[in-house]
1. Conditions first: (1) among the hydrophobic types (A, V, I, L, M, F, W, C); (2) without any contact (Cβ under 8 Å) to a residue 60 or more places away in the chain; (3) surrounded by 19 or more Cβ atoms within 10 Å (Cβ to Cβ). V125 passes all but one, so which condition is the exception?
2. Within the group E114, E92, which residue is assigned to a loop (DSSP other than H, G, I, E, B) and either touching a Phe, Trp or Tyr at 6+ places or on another chain (Cβ under 9 Å) or in contact (Cβ under 8 Å) with a residue 40 or more places away in the chain (or both)?
3. Could you check the stretch 81-103 and list, in sequence order, the residues that are touching a Gly at 6+ places or on another chain (Cβ under 6 Å) and more than 30 Å from N115 (Cβ to Cβ)?
4. Could you please find all residues in the stretch 8-27 being in contact with a Phe, Trp or Tyr (Cβ under 9 Å, 6 or more places away or on another chain) and of a type in the set (K, R)?
5. Based on what the data block shows, is I22 of a type outside the set (S, T, N, Q), over 16 Å from D117 (Cβ atoms), crowded, with 18+ Cβ neighbours inside 10 Å and at pLDDT 95 or above?
6. Name the residues in the stretch 94-110 that are surrounded by fewer than 16 Cβ atoms within 10 Å (Cβ to Cβ) and within 17 Å of A51 (Cα to Cα), would you?
7. Filter the stretch 56-93 down to the residues that are at positive phi and over 14 Å from the mean Cα position of the chain (by Cα), then identify the one that is surrounded by the most Cβ atoms within 10 Å (Cβ to Cβ).
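The values are calculated or read from the model by the stated rules, or taken from the named source; none is laboratory data. Note that this is a predicted model, so its numbers are computed, not measured. Neighbour counts run over all protein chains shown; Cβ positions are idealised from the backbone, glycine included.
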Amino acid sequence: MKVVKATSRATQRGPAEWFTGIVWLDEIGVPEPPSRLRVHSVTFEPGARTAWHAHPLGQILHITHGKGRVGRGSGEVHEVQAGDTIYIDPGERHWHGAAPAHLMTHLAVQEAAENGDEATWFAHVGDDEYR
């Protein structure tokens, strides 16, 4: 067993290439190989969201605080809130973020591909898609 103290990992601002608005990333768990498990806590300020993206092996999102939205490639947009869990299929194009007037924090759990990639990123989500 390995214990990693919370103070050893600094919160980072989400890169503008992947996010619209202000987003904060906290690495919760990225074990050493051979594990490819990845766990991040992501906090979105009101209206902030990811760009369109897909995960090679899928993703689980568990909403821990606030209210948000999850959009799918089909055009569906789902309202989510604290306590909800979302399963995203491998390769499914999607986005997620906070509702317009609420913060939203979720745990993002995914397995990296053999080459280490966790996601493939696409275009930013426009305001019309977000609404």
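1. Unmet condition: (2).
2. Result of the check over E114, E92: E114.
3. Hits for the stretch 81-103 are A98, A99, P100, H102, L103.
4. Of everything in the stretch 8-27, just one residue is in contact with a Phe, Trp or Tyr (Cβ under 9 Å, 6 or more places away or on another chain) and of a type in the set (K, R), namely R13.
5. Values: of a type outside the set (S, T, N, Q): yes; over 16 Å from D117 (Cβ atoms): yes; crowded, with 18+ Cβ neighbours inside 10 Å: no; at pLDDT 95 or above: yes.
No; evaluated as a whole, the condition is false for this residue.
6. P100
7. First, the residues of the stretch 56-93 that are at positive phi: 58, 66, 75, 83, 91.
Adding the requirement that they be over 14 Å from the mean Cα position of the chain (by Cα) leaves 66, 75, 83, 91.
Details: G66: 18, G75: 7, G83: 9, G91: 12.
Top of the filtered list is G66.
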